[in-house]
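Q: Here's a structure for you.
The values are calculated or read from the model by the stated rules, or taken from the named source; none is laboratory data. For clarity, every value in this text was computed on a predicted model and none was experimentally measured. We place every Cβ from the backbone using ideal geometry, glycine too, and count neighbours over all the protein chains shown. Calculation scope for accessible area: heavy atoms of the full protein, side chains included, ligands and nucleic acids excluded. Shrake-Rupley method; radii C 1.70, N 1.55, O 1.52, S 1.80 Å.
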Amino acid sequence: MHDRHANLLCWSALALFTVGLVAVNINYSRADRRPPTYDDAWFLENSLIFHHHLTEGGLRAFLPAYASSFGTKAPLLSVLPLPLYLIFGTGQQTALLVNSFFVVISSLYLFLLVRRLFSPAAGLAAVVFYQTMPLAYGLSRAFLADYGLTALVIVWLYYLVASEQLSHSLIDLVLGMLLGLGLLMKVLFPAYIAGPLL
């Protein structure tokens, strides 16, 4: 009974902490009036190009635009705001909402990973330490691939541990899909997961 109560308390604290992080990030993006930097601008510009092709010409116009965008950067981050643009309109603030999704994903999966390896309390502590590191909360407020990439690495590590040395075919399939998404986020994704995999 005590373990169940402690587990419920950790889940509740995780939810409150994560909602708080998302609220702070949204408020920050509304207050921040600085223009995007070079890398932010590249992803934002491509997301607006994709939105224009999708809304003006549908998938037949979007797919060639997406295929031709592969260059110095993998373009997945530029695709992710498209549903948000359709709901909230285009703009940097709308694009930054993608990071709210990554805040939730990274908090949830880091908690699950550390809980699986240690305990729910350790999982909660890991989330608090990670999400309050200056690099983590700084990247969560910029439209760059790095924060989303980190979230994908955390998710990948969780499923790697859950696969029990790649012995579950369904989880192995999930790992393969995450590898593909990671490559579309940044071509160096395999370098981030090579150590744990080996």
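Q: In whole angstrom, how long is each semi-axis of the equivalent ellipsoid of segment 1-135, when you take the square root of 5 times every eigenvalue of its Cα gyration tensor and sort them from largest down?
A: Numbers: eigenvalues 254, 53, 38 Å².
Those come to 36, 16, 14 Å.
Q: So, one more: Would you mind checking the tilt of helix 2-31 against the longest principal axis of the Cα atoms of the chain, expressed as 0 to 90 degrees and rounded to 10?
A: Between the helix axis and the principal axis of the chain, the angle is about 20 degrees.
Q: Follow-up. Tell me, what % of the accessible area of the chain is carbon and sulfur with a 1.4 angstrom probe?
A: 69 percent
Q: Accessible area per residue for the chain in Å², computed with a 1.4 Å probe and the full protein assembly in place, what is it?
A: 56 Å²
Q: Angle, helix 145-162 long axis vs. longest principal axis of the chain, Cα atoms, 0 to 90°, nearest 10?
A: Rounded to the nearest ten degrees, it is 40.
Q: With the dipole of the chain worked out from charges on the C-beta (+1 for Lys and Arg, -1 for Asp and Glu) around the Cα centre, which of 53, 147, 79 lies farthest toward the positive end?
A: The one lying farthest along the dipole's positive direction is 147.
Q: For helix 59-68, what angle does its Cα long axis make with the longest principal axis of the chain, in degrees from 0 to 90 and rounded to 10?
A: Between the helix axis and the principal axis of the chain, the angle is about 80 degrees.
Q: Still on this structure, please answer the following. Starting from the Cα coordinates of segment 1-71, work out the convex hull volume and express it per residue in Å³.
A: 173 Å³
Q: Now a separate question. If you build a Gaussian network model of the chain, linking Cα atoms that sit under 10 Å apart, which residue out of 175, 21, 59 swings the most?
A: For the chain, modelled as a Gaussian network with Cα springs under 10 Å, the answer is 59.
Q: Which chymotrypsin sites (Phe, Trp or Tyr not before Pro) does segment 83-146 hold that lie in a coil by DSSP with at most 13 other beta carbons within 10 Å? Walk me through the numbers on the way to the answer.
A: Values: sites: 85, 88, 101, 102, 109, 111, 118, 129, 130, 137, 143; in loops: 118, 143.
Here the chymotrypsin sites (Phe, Trp or Tyr not before Pro) that fit, given the DSSP loop and packing criteria, are 118.
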